[in-house]
Amino acid sequence: MLKATTSFEQFCGEVQPRLRHAFAARLGYSDGADATAESLAYAWEHWDEVANMNNPAGYLYRVGVSRTRRIRRATPLLIALPPEGLHDVEPGLPAALASLSEKQRVAVTLVIGFGWKLHEVADFLDVSISSVQSHVDRGMKKLRIKIGAAT
């Protein structure tokens, strides 16, 4: 539950980046932006209810997923690397990430890519920590195989 003094603007400032990251990992950047907007619009319309929830960010994540279900692309459009590439990023990574299951892609992106703690992802997605760890482990194994870095 949020502090009684937390305003909608403060809440959005804290939760919007996390929603954006999670939706981009699950849906791709374009559909993720739509889902973020949909979930925050819902929060605005139902602020009295949302402000009193134990896990409002997790709830809004599920709202955004359900509200954008009909308009989503079959395969998420992940950002391609620029032609000159990034020296610290494997060029095959976007395609390899797109080949993961949705749950694996979200877990790997949030934990490995954005540095979230396992318990943060578990709370946000309303799953167990062991589920998040399992998705990360399996996803990383598949990524290593896809980009040829398996040992």
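Table for the structure above
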| item | result |
| --- | --- |
| Positions within the stretch 139-151 being touching a Lys or Arg at 6+ places or on another chain (Cβ under 9 Å) and in a helix (DSSP H, G or I), in sequence order | Gly139 |
| Scan of the stretch 13-25 for residues that are surrounded by 17 or more Cβ atoms within 10 Å (Cβ to Cβ) and closer than 16 Å to Glu120 by Cα, ordered by number | Val15, Gln16, Arg18, Leu19, Arg20, His21, Ala22, Phe23, Ala25 |
| The stretch 1-12 residues that are part of a helix (DSSP H, G or I) and surrounded by 10 or more Cβ atoms within 10 Å (Cβ to Cβ), paired with ones that are at pLDDT below 90 and not acidic (Asp, Glu) (beta carbon under 7 Å, 6 or more apart) | Phe11/Leu2 |
| Inter-residue pairs, beta-carbon under 8 Å, first in the same structural domain as Gly113 (by TED's automatic domain parsing) and of a type outside the set (A, V, I, L, M) and in the stretch 81-101, second surrounded by fewer than 12 Cβ atoms within 10 Å (Cβ to Cβ) and at pLDDT below 65, 6+ apart | Pro91/Gly85; Pro94/Ile79; Pro94/Ala80 |
| Answer residue from the stretch 133-151, given it is modelled with pLDDT of 90 or more and β-branched (Val, Ile, Thr) and is farthest from the chain's Cα centre (by Cα) among those | Ile145 |
| Residue within the stretch 74-85 that is assigned to a helix (DSSP H, G or I) and at pLDDT below 95 present | no |
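The values are calculated or read from the model by the stated rules, or taken from the named source; none is laboratory data. Model, not experiment: these values are computed from the prediction. Counting neighbours? That spans all protein chains shown, and the Cβs are built from the backbone with ideal geometry, glycine included.
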